[in-house]
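The values are calculated or read from the model by the stated rules, or taken from the named source; none is laboratory data. All values reported here derive from a predicted model rather than from experimental measurement. Using ideal geometry, Cβ is built from the backbone for each residue, glycine included, and neighbour counts are taken over all protein chains shown. Surface accessibility is based on the protein's heavy atoms, side chains included, excluding ligands, DNA and RNA. Shrake-Rupley method; radii C 1.70, N 1.55, O 1.52, S 1.80 Å.
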Amino acid sequence: MSSVRPRLPKVEPTPESAYLNRRQLIKQWGLGTALIGAGAVTGITPAADAQLLDDLFGGNVAKVAKLPGVSREEILKLYPFKRSDKYPLPGGAFLTDKMAAFTYNNFYEFTQDKRRVWKLAKDFDVDPWTVEITGECLKPQKFDIDALHKLDLEERTYRHRCVEAWAMDVPWTGFPLHKLLAKVEPKASAKYVRFFSAVDKKVMVGVTKDPSTRHFPWPFFEGLTMPEAMNELCLGCTGLYGQPLTRQNGAPFRIVTPWKYGYKSPKSIVKIELVEKKPTTLWETLQPTEFPFESNVNPAVPHPRWSQAAERVIPNGALRETLYLNGYAEWVGHLYKKA
Ligand SMILES: Nc1nc2c(c(=O)[nH]1)N[C@H]1C(S)=C(S)[C@@H](COP(=O)(O)O)O[C@H]1N2
Ligand SMILES: [Mo]
């Protein structure tokens, strides 16, 4: 018997759906196979619905209405940016309720409790901010948030899929990341891109205090291959729902890779590094068998501890089928074709 207490949190979709296969999942949510087969977004039982709403909002919707804002007046005035119709939402689903997206978050620097991130992040200082780009490039440089807002911003509605089997459909504001990377003139030797999130020990109690996360190798770090980062879908993101990003959603600058599990979309980025060799990532370092580098959304590849065949859409937990590459095969499928 080992006396070493595991320090890693168990990342589970929900206590109820963990370890269940798809059929059990469907049965549990009281849904017919036919509905799921059709990919329908359906209602769930009122009791389960109420429970989930309670989970999301802590039973107090009025309280969450006061959200911490972000950013200066001049930047605020630029929003909303024009919505692009080039990347229609897979399945033509409805947009997720804004309050759900603002109050149900994964941001382990603050807490593992998704319902509390927005409260804990309210004093996270995001102004001023700089994003440094270094490594295999000819013109390494720093960008402030004003500079990022000069990069042809647009709004795009994307599906977001967490590895924990919850999903949302939301409008991000941003620019294709390749537009920013082009500014530093990447060398041919740049094969991968590394991202580093900020650490603010004054407010990030997940980094300083929480016994289940404080031993993580902070800061949060992630990575993509150069072709992934240069793909048109990969967004350098500054806003959500027509306003600058809230702190809990990764203010003032994050990445959004809609065809990959959520942790491949790092928040509150301060540094980007172009490198030659395949980098490690925080989650891969912690649990390599559970969170591999690539981590593309794929219903046919179960997580070692749960099925990825279906997902629950916040806030009411409607169940729908998971789509290969989260529905974005048309744009990124060629990156994964075996030669
Ligand atoms: N720095 C940082 N970025 C992060 C995370 C995190 O814990 N820290 N969580 C990831 C995960 S698991 C998900 S699902 C998304 C959640 O984004 P949202 O809260 O804006 O929905 O952020 C990703 N980016
Ligand atoms: Mo996630």
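Considering only residues that are away from ligand 1 (no atom under 14 Å from the Cβ) and of a type in the set (Lys, Arg), look in segment 142-194 and name the one that is nearest to THR96 (Cα to Cα).
Restricting to residues being away from ligand 1 (no atom under 14 Å from the Cβ) and of a type in the set (Lys, Arg), the top hit is ARG156.
Provide a single number: the residues in segment 195-219 that are among the charged types (D, E, K, R) and within 13 Å of ligand 1 (Cβ to nearest atom).
2
If I filter segment 168-185 for residues that are buried (at least 20 other Cβ atoms within 10 Å of the Cβ), hydroxyl-bearing (Ser, Thr, Tyr), in a strand (DSSP E or B) and more than 16 Å from ligand 2 (Cβ to nearest atom), do I get at least one hit?
Yes - at least one qualifying residue is present in segment 168-185.
Might you let me know whether segment 246-261 holds any residue that is among the charged types (D, E, K, R), more than 8 Å from ligand 1 (Cβ to nearest atom) and open to solvent by less than 10 Å² (accessible area, probe 1.4 Å)? Write out each step before concluding.
In the first step, residues of segment 246-261 are kept if they are among the charged types (D, E, K, R); the result is 247, 254, 260.
So of that shortlist, the ones also more than 8 Å from ligand 1 (Cβ to nearest atom) come out as 247, 260.
From the residues that got through so far, the ones that are open to solvent by less than 10 Å² (accessible area, probe 1.4 Å) too are 260.
Taking every residue of segment 246-261 in turn, at least one turns out to be among the charged types (D, E, K, R), more than 8 Å from ligand 1 (Cβ to nearest atom) and open to solvent by less than 10 Å² (accessible area, probe 1.4 Å).
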